[in-house]
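The values are calculated or read from the model by the stated rules, or taken from the named source; none is laboratory data. Owing to the predicted nature of the structure, the values given are computational and were not obtained by experimental measurement. With ideal geometry, Cβ positions are generated from the backbone for all residues, glycine too; neighbour counts draw on all protein chains shown.
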Amino acid sequence: MKLSLRIWRQSDAQAEGKMVSYEIDEVSEDASFLEMLDVLNERLIGEGEDPVAFDHDCREGICGACSLVIDGQPHGPQAATTTCQLHMRKFKDGDSIDIEPWRAGAFPVIKDLVVDRSAFDRIIQAGGYISAPTGTAPDAHAVPIPKQDADAAFSAAACIGCGACVAACPNGSGMLFMGAKVTHLSLMPQGQPERATRVLGMVAAHDEAGFGGCTNTGECAAACPKEIGLDVIGKLNRDFRKAAIRAA
Amino acid sequence: MSTDFYREGEPVADAKAPAGPISERWEKRRFSGRLVNPANRRKLRVIVVGTGLAGASAAATLGELGYRVANYCFQDSSRRAHSIAAQGGINAAKNYRNDGDSVHRLFYDTVKGGDFRSRESNVHRLAEVSTEIIDQCVAQGVPFAREYGGLLDNRSFGGAQVSRTFYARGQTGQQLLLGAYQALQRQVAAGTVDLHTRHEMLELVIVEGKARGIVVRDLVTGEISTELADAVVLATGGYGNVYFLSTNAMGCNVTAGWRAHRKGAYFANPCYTQIHPTCIPQSGEHQSKLTLMSESLRNDGRVWVPKQKGDDRHPADIPEDERDYYLERRYPAFGNLVPRDIASRAAKVVCDEGHGVGPGGLGVYLDFAAAIERLGKKAVEAKYGNLFDMYERITGENPYERPMRIYPAVHYTMGGLWVDYDLSSNIPGLFVAGEANFSDHGANRLGASALMQGLSDGYFVLPNTISDYLADGPFDALDETHEDVVAARKAVDDRIGFFLNNDGDRTVDSFHRELGKIMWEYCGMERTDEGLRKAIGLIRGLKDEFYRRVKVTGKNEQLNQELEKAGRVADFLELGELMCIDALHRTESCGGHFRAESQTEDGEAKRDDEHFSYVAAWEFGEDAPVLHKEALEFEYVKPTQRSYK
Amino acid sequence: MSTDLQHRPAARPDKRPRAPQAPWRSNIGLKIAMAVSGILLVLFLIVHMAGNLHVFEGRESMNDYAHGLRTLGEPLLPHESILWVLRIGLIAAAAVHIWSAVVLTRRALAARPVRYASKKPAKGESRHAVATMRWGAVVVFFFVIWHLLDLTWRTVNPVKDVPDAYGAVVATFSPERWPVTVFYLLALAALYFHLRHGIWSAVQTIAGPNTKWRKRTQATGLAVALIVVLGFAIVPLSVTFGLVN
């Protein structure tokens, strides 16, 4: 297939960026989206140009590194699919495709399509864990956990930390990411002792990192490649309200 | 023999494992190893490279103990290390099923599964520690699968006769890694761990014979800096990407380990590679990586190829009597459930004979028609629905209507830097954990054991054993002006300068692809004397060409992904040669290493315990590598030949 | 970056995550303020809408109702005292609602400083809210000012006689003043979208329902929005089309 691409090019964090057009020919429809960019980059290097920088690693939809906004949609048009799992057969010969980086104040662009998502790590540092120093654990069967709680916790914990929720949110909010972690940990009995400090700390770190507030539009959940739902934001709100009242 | 490619040096031995009954050795070692008093720990600095299961768990635990830890990863977040992609599960000898499992049975299975090429002491310790890992992960809030009673669920995995595998749907690696990641981030917040993401280790600093630091490049700014410490831990994963196409993440590389190897660390058993039989085949030249499909598919799928060579009819149009269910034919007892290495090799054989299907004839059918007929589409969907969806997403074919195409792919590397019982390499102060070391899996790794080993090393083994070394510290103060530090840094600058100034015309990836093809062809599922010799020649030629023609765009002082890849591929080229030499010298077949010359009359792998019951630890040599043999002794599990007929 | 290990600061002892300064100033805290004030405003709207329906019972009933509001609590309490308590509560709720909206909107704009070059229609559960919530609020705000000038203070209303609420309503929505009715309906359209999203959004913020209850909340929000808006719309339409005169 033949495609017209418009790709955001920005040489570094300080530079002005712009959309640059590229024509690309003989793209196999069996190629993944990132493999299509690999082919483009091979050509650019051959022409002595700087290849397009983008984050990627596992290319099987689990590491959360890939982060392209394709035609205005984080991870592109296919639901529940990361960019690396999106294949070119989802596009038509002659299509023009826009490729942009995640856009959010908390995710500054480093180069081209690569952004800095370290704000997510800072949210986790502010409480997104259970304090269980190595060696202190009781037997794994000491505390039974109802299956439905364990399953719900897993569904929330399936978050890959890619940041598509932030990229999709009109307010650049990280509430879905944060809600997923709060939900996971607050469903586990082991997570109860730190439940209040966790949510207060994480919310403070989230705001400090420059993420916006939630307006419940649901764009985040629609973009989430792991189909994490708005219920995690509800749970986050509820936990926060209880913790804030108790802290007051 | 092939001594024109290497020299043989003095034997090497593990001096740290205590003698005595195997079940007491770990306890003995913990007692005999010296401790560091808590007040002194904060005077000791430890570098941990890598944030996968082994690296993150080691860094977090060392931080909790009070050491000052510097932790590095090349990814943008420590949560993205490739441990995250592990699907199946993690073994532990909990015997929660009361089905006869025990530490000794897990030990026995692992030694046997490793085809008697691993150390008994190490494997026994791994089996002992396995139970603590599950406790630790549950305490961290890892959402393992549970039964309705609220207790942990287990499944049997990889042909084991007991159910000892703990899992979290098909994302066990992700959940375990996130547990370790959260423990690590907690220590970052506590100030005990300095975490540096988007930094790549490019050189090891050795001063007066001890590992004292690393040289790193900030992948965003290009700044080269040195980090100095009292000990260095490498937890940098496997080197499967030497094959270019593998199930590894794109960034997985051998550079940290190889740099250490070039500075004197032995590289053990590099040729032991695990090739997984059920991966989605390559679809064309654009292919950048291969995706694993869970092994569980072979429980209900039937593997076949057309009897007629080059038959390109739709599989549904090929009548039963024109299909060759070659696994069922060759291994009537185990059929489609033969172990990974055997299933992989059998697929290669039929494809080499011209029966393969799909692009390039590199694929065999995994057919669910019989299962759908027997169980109904609904039942098949309930069991494998998510895998079928993934297959369809990648290939565009509906596996309910058309058999899946599968082909083997490189998955895991059992070899790695040589370590003793304490996980110390032969360079004092350099420790190696997880897939990066060679220690526990012998010539073949059992399913659900990789996660176990990574966490065992990181949470429980290394933090205990490293104190025996650190008890001698803090070592002499060092600064960046020390001549050895300056030299290490200069080596990095020179290498980067070379790549950026080379007037080449070929991309890094084109070399990597070519290397991968050589490795796959001659050092893949089946190896021969002739092929390996040819491969060594080809790799040497390719290496020459690489340094003449490689083209790297851009500059150092920026995010430069081509520059990152160039250094990694340069190291893969050298590793590839060593892998071929190792494979060439080991004329027996064992585990993931199959030498066509060493097979039984039925075409099965034939071990040669008389000549090869040793670990091949290779020392770097400018002209030729030096082989140090570590003899393996089996006191508890007597070597036998595997049979799956 | 790092150099000499002897010059590095000693590790800090393990410490708890720092407690946030004031939870109510966080995004969620402000959202809760917005949600609580919003619910109060919705309750007011429901009562207001129901009161308006007195117009169909004729001039006397409507004016009695208006009079009753002013004399609520008399003679125990002074004239209009209860009304003023309600009014102050209403003003406070509106102020909190607007203030939190302004702060959150400013933060949201700062959190998303660059737009995408390629725009795709929203596809979230409350996709209509993306384009309507903030602009709709501005429309409603200006409408409320007009509405006060028109029917409370009568500045722009032909009927200056305050006790004659009925007359004022009939006068303002008379057929020849059709643009007033159009503006009113436009504001109601904005209010519809605002309520449709705002009601469930407030519940999501305060109570955080699970998926099943969230769907129910969304349905309830839609129903309330429809009832309120239709209840309001029926009065001016009836006047403009001569059903009430």
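At a glance:
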item	result
From B:Met201, B:Met250, residue being farther than 23 Å from B:Leu455 by Cβ and either of a type in the set (A, V, I, L, M, F, W, C) or part of a loop (DSSP other than H, G, I, E, B) (or both)	B:Met250
Positions within segment B:536-587 being part of a loop (DSSP other than H, G, I, E, B), surrounded by 22 or more Cβ atoms within 10 Å (Cβ to Cβ) and either of a type in the set (Val, Ile, Thr) or more than 14 Å from chain A (Cβ to nearest Cβ) (or both), in sequence order	B:Val552, B:Arg586
Matching residues in segment B:524-544 - criterion: being free of Cβ contacts under 8 Å to residues at least 40 places away in the same chain and either in contact with a Pro (Cβ under 7 Å, 6 or more places away or on another chain) or under 27 Å from B:Ala409 (Cα atoms) (or both)	B:Glu530, B:Gly531, B:Lys534, B:Gly537, B:Leu538, B:Arg540, B:Gly541, B:Leu542, B:Lys543
Some residue of segment B:154-165 being touching a helix residue (DSSP H, G or I) at 6+ places or on another chain (Cβ under 9 Å) and facing chain A (nearest Cβ under 7 Å)	no
Some residue of segment B:381-400 being out of contact with any Gly (no Cβ under 8 Å at 6 or more places or on another chain), in contact (Cβ under 8 Å) with a residue 12 or more places away in the chain and part of a loop (DSSP other than H, G, I, E, B)	yes
Filter result for C:Ala95 (within 14 Å of chain A (Cβ to nearest Cβ) and either at pLDDT 95 or above or within 30 Å of A:Trp102 (Cα to Cα) (or both))	no
Qualifying residue in segment B:179-199 (condition: within 29 Å of A:Val39 (Cα to Cα), modelled with pLDDT of 95 or more and of a type in the set (A, V, I, L, M, F, W, C))	no
Matching residues, segment A:144-170, being at the interface with chain B (Cβ under 8 Å from one of its Cβ atoms) and in a loop (DSSP other than H, G, I, E, B)	A:Pro144, A:Ile145, A:Pro146, A:Ala158, A:Ile160, A:Gly161
For B:Thr278: the one exception among (1) buried (at least 23 other Cβ atoms within 10 Å of the Cβ); (2) within 30 Å of B:Asp472 (Cα to Cα); (3) among the β-branched types (Val, Ile, Thr)	(2)
Selection status of C:Val169, more than 14 Å from every other protein chain (Cβ to nearest Cβ), touching a residue at least 60 places away in the same chain (Cβ under 8 Å) and closer than 30 Å to C:Thr71 by Cα	yes
Qualifying residue in segment B:229-249 (condition: more than 27 Å from B:Ile90 (Cβ to Cβ), surrounded by fewer than 24 Cβ atoms within 10 Å (Cβ to Cβ), within 12 Å of chain C (Cβ to nearest Cβ) and not hydrophobic (A, V, I, L, M, F, W, C))	no
Residue check, B:Phe31 more than 17 Å from B:Gln174 (Cβ to Cβ), of a type in the set (Phe, Trp, Tyr) and either in a strand (DSSP E or B) or free of Cβ contacts under 8 Å to residues at least 24 places away in the same chain (or both)	yes
Residues that are more than 24 Å from C:Val114 (Cα to Cα) and either touching a Pro at 6+ places or on another chain (Cβ under 8 Å) or in contact (Cβ under 8 Å) with a residue 24 or more places away in the chain (or both), drawn from segment A:16-32	A:Glu26, A:Val27, A:Ser28, A:Glu29, A:Asp30, A:Ala31, A:Ser32
Enumeration of residues in segment A:211-232 that are within 7 Å of chain C (Cβ to nearest Cβ) and either part of a loop (DSSP other than H, G, I, E, B) or of a type in the set (Val, Ile, Thr) (or both)	A:Phe211, A:Gly212, A:Gly213, A:Cys214, A:Thr215, A:Asn216, A:Thr217, A:Gly218, A:Gly229, A:Leu230
Pair list, Cβ under 6 Å, 6 or more apart: segment C:98-126 residue within 8 Å of chain A (Cβ to nearest Cβ) and in a loop (DSSP other than H, G, I, E, B), other residue of a type outside the set (Val, Ile, Thr) and surrounded by fewer than 16 Cβ atoms within 10 Å (Cβ to Cβ)	C:Ala117/A:Met19
Conditions (1) closer than 25 Å to B:Thr553 by Cα; (2) surrounded by 22 or more Cβ atoms within 10 Å (Cβ to Cβ); (3) not hydroxyl-bearing (Ser, Thr, Tyr): number failed by B:Cys523	(1)
Among the residues listed as B:Asn95, B:Asn122, the single one being more than 9 Å from chain A (Cβ to nearest Cβ), polar (S, T, N, Q) and at positive phi	B:Asn95
Qualifying residue in segment B:285-296 (condition: farther than 25 Å from B:Tyr407 by Cα, within 14 Å of chain A (Cβ to nearest Cβ), of a type in the set (Lys, Arg) and assigned to a loop (DSSP other than H, G, I, E, B))	no
Some residue of segment B:511-518 being in a loop (DSSP other than H, G, I, E, B), more than 21 Å from B:His261 (Cβ to Cβ) and in contact (Cβ under 8 Å) with a residue 60 or more places away in the chain	no
Lone unmet requirement of (1) among the charged types (D, E, K, R); (2) in contact (Cβ under 8 Å) with a residue 40 or more places away in the chain; (3) farther than 22 Å from A:Ile130 by Cα for B:Arg79	(3)
Test: A:Asp55 is more than 30 Å from B:Glu397 (Cβ to Cβ), in contact (Cβ under 8 Å) with a residue 24 or more places away in the chain and away from chain C (no Cβ under 14 Å)	no
Residue check, A:Arg6 of a type in the set (D, E, K, R) and either touching a Ser or Thr at 6+ places or on another chain (Cβ under 7 Å) or within 14 Å of chain C (Cβ to nearest Cβ) (or both)	yes
Search result, residues across segment B:610-620 that are surrounded by fewer than 20 Cβ atoms within 10 Å (Cβ to Cβ) and either aliphatic (A, V, I, L, M) or over 24 Å from the mean Cα position of the chain (by Cα) (or both)	B:Glu610, B:His611
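Matching residues to (1) modelled with pLDDT of 95 or more; (2) among the charged types (D, E, K, R); (3) part of a helix (DSSP H, G or I):
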site	(1), (2), (3)
B:Asp76	yes, yes, no
B:Phe107	yes, no, yes
B:Arg117	yes, yes, no
B:Ser121	yes, no, yes
B:His124	yes, no, yes
B:Glu132	yes, yes, yes
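Let's see how each residue does on (1) among the acidic types (Asp, Glu); (2) surrounded by fewer than 20 Cβ atoms within 10 Å (Cβ to Cβ); (3) farther than 29 Å from C:Met62 by Cβ:
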| site | (1), (2), (3) |
| --- | --- |
| C:Thr155 | no, yes, no |
| C:Tyr166 | no, no, no |
| C:Pro175 | no, yes, no |
| C:Val182 | no, yes, no |
| C:Leu186 | no, yes, no |
| C:His194 | no, no, no |
| C:Gly208 | no, no, yes |
| C:Thr217 | no, yes, yes |
| C:Gly231 | no, yes, no |
